[in-house]
Amino acid sequence: MSYSPLFPTAEFATSVAELHALGDAPLALLPELAFVGRSNAGKSTAINLLTQRKRLAFSSKTPGRTQMLNFFAVQDDAPLAERQSCAYLVDLPGYGFAKTDAMTRDRWDKLVGGYLFERDTLRGVVLVMDARRPCLPADEDLIAWICRRHDLDTFRLHMLLSKADQVGTMEGRAALARAERRAEELPMPTSVQLYSALDRRGLDELREAAAQILQEPGEDAADAGEAEPDPSVPTAGH
Ligand SMILES: Nc1nc2c(ncn2[C@@H]2O[C@H](COP(=O)(O)OP(=O)(O)OP(=O)(O)O)[C@@H](O)[C@H]2O)c(=O)[nH]1
Ligand SMILES: [Mg+2]
């Protein structure tokens, strides 16, 4: 029997400012789900909404608020006495904000790009994009980092079109269609949804996608396998 992540149990675990410090960080070997996207897209807000916490991840009107890799440990939904951490949500610094100088960009590439490319325990990412302008060149840069991974058959990309409250029905549909077309071209399994932190539209869908990404690959199959009788083992009465 396997348990699912219980997002409201999330607690801050650690922050990492340099990629090389990641190996020394006090982190257990658990699956990770990172929230990435342009600065101000709503990554920190999405983590707070998912975990039902007001200020777990710092959100701000000022672009570039999140500067480090911030890890939040999530416990499983086992009975209270048996609960243990089963995953990390990771809030990443944004990219592509107006005042980016060469040094900031270089730092971002090393820290975030490096993390997205080489982190073995990273199971997938939620790519947060403003529904008013999805799939901008800066988003494509980020997708390019992910495409360099060697586990693209199982690595999951979930495109979260945020601030859906800021677009009309037709514009929202057009944004969704555009992102879906892009998703079909990508080499990794990719899903797309509209969402709003303001009116909580799409929150259940986000929760389901996040839980599914963090699930062990083949976990369902393994569970099903346990229930199947092994034909090589004689059973009572045979
Ligand atoms: N209207 C609306 N505003 C939102 C939504 N999600 C986030 N915001 C607002 O957008 C701003 C930026 O949100 P953050 O969550 O801090 O964005 P971020 O992507 O973490 O930004 P950085 O850390 O700078 O990369 C804040 O003022 C949020 O309140 C949404 O769904 N609708
Ligand atoms: Mg942030």
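A short reminder: the numbers here are calculations on the coordinates, not readings from a lab. Keep in mind the model is a prediction, meaning the values are calculated, not measured. With ideal geometry, Cβ positions are generated from the backbone for all residues, glycine too; neighbour counts draw on all protein chains shown.
Give the residue list of GluC sites (Glu not before Pro) in segment 16-95 that are DSSP loop and have at most 16 other beta-carbon atoms within 10 angstrom. Please report the intermediate quantities before stating the final value.
Values: sites: GLU18, GLU32, GLU82; in loops: GLU18.
Those satisfying the criteria are GLU18.
Which length gain, in nm to one decimal place, applies between ARG107 and LEU29 when the Cα-Cα distance is subtracted from 0.36 nm times their residue separation?
Length gained between ARG107 and LEU29: 25.5 nm.
I need to check one value: relative contact order of segment 5-222, counting alpha carbon pairs closer than 8 Å and at least 6 residues apart, in percent.
Normalised by residue count, the contact order of segment 5-222 is 22 percent.
How much length, in nm to one decimal, is gained on full extension between ALA21 and ARG133, taken as 0.36 nm per residue of separation minus their Cα-Cα distance?
Working it through step by step, the gained length comes to 36.9 nm.
Take the alpha carbon gyration tensor of segment 5-222, find the square roots of its eigenvalues, order them as a ≥ b ≥ c, and report rounded if a/c is under 1.5; if not, report prolate when a/b exceeds b/c, else oblate.
Judged from the Cα gyration tensor, segment 5-222 comes out rounded (a/c under 1.5).
With 10 angstrom as the radius, rank MET129, MET188 by how many other C-beta atoms surround their C-beta, starting from the fewest. Before the final figure, lay out the partial values.
Numbers: MET129 25, MET188 18.
Lowest to highest Cβ neighbour count: MET188, MET129.
For the pair GLN67 and THR169, how long in nm is the line joining their label points, each one 7 Å along Cα→Cβ?
So the label points at GLN67 and THR169 sit 4.6 nm apart.
Could you please rank SER191, SER2, placing first whichever residue has the fewest other Cβ atoms within 10 Å of its Cβ? It would help to have the intermediate numbers written out before the result.
Working: SER191 19, SER2 12.
Least to most surrounded, the residues fall as SER2, SER191.
Put a dot 7 Å past each Cα toward the Cβ at ARG83 and GLU11; how far apart are the dots in nm?
Modelled inter-label distance: 1.0 nm.
Extension gain ARG55-ALA144, at 0.36 nm per residue separation less the Cα-Cα distance, in nm?
Additional length available on full extension: 28.9 nm.
What is the fewest-to-most order of ARG148, ARG105, ARG38 by other Cβ atoms lying within 10 Å of their Cβ?
ARG148, ARG105, ARG38
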